[in-house]
1. In region 179-226, which residue that is hydroxyl-bearing (Ser, Thr, Tyr) and assigned to a helix (DSSP H, G or I) is most open to solvent (accessible area, probe 1.4 Å)?
2. Of all residues in region 168-188, count the ones that are in contact with a Phe, Trp or Tyr (Cβ under 9 Å, 6 or more places away or on another chain), under 26 Å from residue 70 (Cα atoms) and hydrophobic (A, V, I, L, M, F, W, C).
3. With 112, 75, 79, 100 as the choices, which residue is open to solvent by less than 20 Å² (accessible area, probe 1.4 Å) and out of contact with any Gly (no Cβ under 6 Å at 6 or more places or on another chain)?
4. Within region 147-178, which residues are in contact (Cβ under 8 Å) with a residue 60 or more places away in the chain, in contact with a strand residue (DSSP E or B) (Cβ under 9 Å, 6 or more places away or on another chain) and open to solvent by 20 Å² or more (accessible area, probe 1.4 Å)?
5. Is it the case, given these coordinates, that residue 120 is open to solvent by 10 Å² or more (accessible area, probe 1.4 Å) and small (Gly, Ala, Ser)?
6. Report yes if residue 221 is in contact with a Leu (Cβ under 8 Å, 6 or more places away or on another chain), within 22 Å of residue 174 (Cα to Cα) and free of Cβ contacts under 8 Å to residues at least 24 places away in the same chain, otherwise no.
7. From 107, 77, which residue is in contact with an Asp or Glu (Cβ under 8 Å, 6 or more places away or on another chain) and farther than 22 Å from residue 175 by Cβ?
Amino acid sequence: MTLKRRVTADEHLLDTAHSEEWKQKAAWRVMKIQAEFVEGFDTLEAAELGDAIGVYGSARTNVDGDEYKLGIELGRKLGEAGFSVITGGGPGAMEAANRGAADAGVKSVGLGIELPFEQGINPYVDIQLDFHYFFVRKVMFLKYSCGFCALPGGYGTMDELFESLTLVQTEKVGKFPIALIGTDYWGGLVDWLRNAMVREGKISPDDVNLLLVTDDLDEAVEHMKSGRG
């Protein structure tokens, strides 16, 4: 069966044609964006998450693979350390982290996003929000997390990771601890940051030190504890 591709709210918002319909509905879209912020803040404030960790990772992670098991263990260890867990709510690595959090008996949050093809919220989420706009969803991650762990992932994971890094580096937010889980997966990226960005003077050596790269989940969890208020 061929899946039908939907046109998302982000596509409508970023429509470069600026059709007459777009102009007529521009004010309505602003209200829709505002409503997403209000619902997100209201829901997550009422949830009383306490200290929470945002976990990024690929929706394509195989449920039968070692990376999925790693995600479950990470979510569980974060929960045992007293953290709620926030993910994008989807399958793969996100599902694994939510599953581990659920196993640990802590709050398991899924911040879903509208995509051209249906993805759905995984069954291990107990606090669910669905967003039309990526940028609203990012604000919720950053507002309600005190640290971030990135499991192996793709473009979406990179986007969320570097959004967090940029805000820390520019001191727009406090010192969020950020851990990259998997030295084999992430090592090449960090080598490139040092050998290209630092060498060319685009970032400072200290900027690379904003990232902890590890295979040791206990080390990652200890690092997350430095972000507690």
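1. The qualifying residue most open to solvent (accessible area, probe 1.4 Å) is 185.
2. So the answer is 4.
3. Answer to the check: 79.
4. Listed by number, the residues that qualify are 156, 160.
5. Yes.
6. Spelling it out, it is not the case that residue 221 is in contact with a Leu (Cβ under 8 Å, 6 or more places away or on another chain), within 22 Å of residue 174 (Cα to Cα) and free of Cβ contacts under 8 Å to residues at least 24 places away in the same chain.
7. 107
The values are calculated or read from the model by the stated rules, or taken from the named source; none is laboratory data. Please read these numbers as outputs of a predicted model, since none were measured by experiment. We place every Cβ from the backbone using ideal geometry, glycine too, and count neighbours over all the protein chains shown. For accessibility, only protein heavy atoms count, side chains too; no ligands or nucleic acids. Shrake-Rupley method; radii C 1.70, N 1.55, O 1.52, S 1.80 Å.
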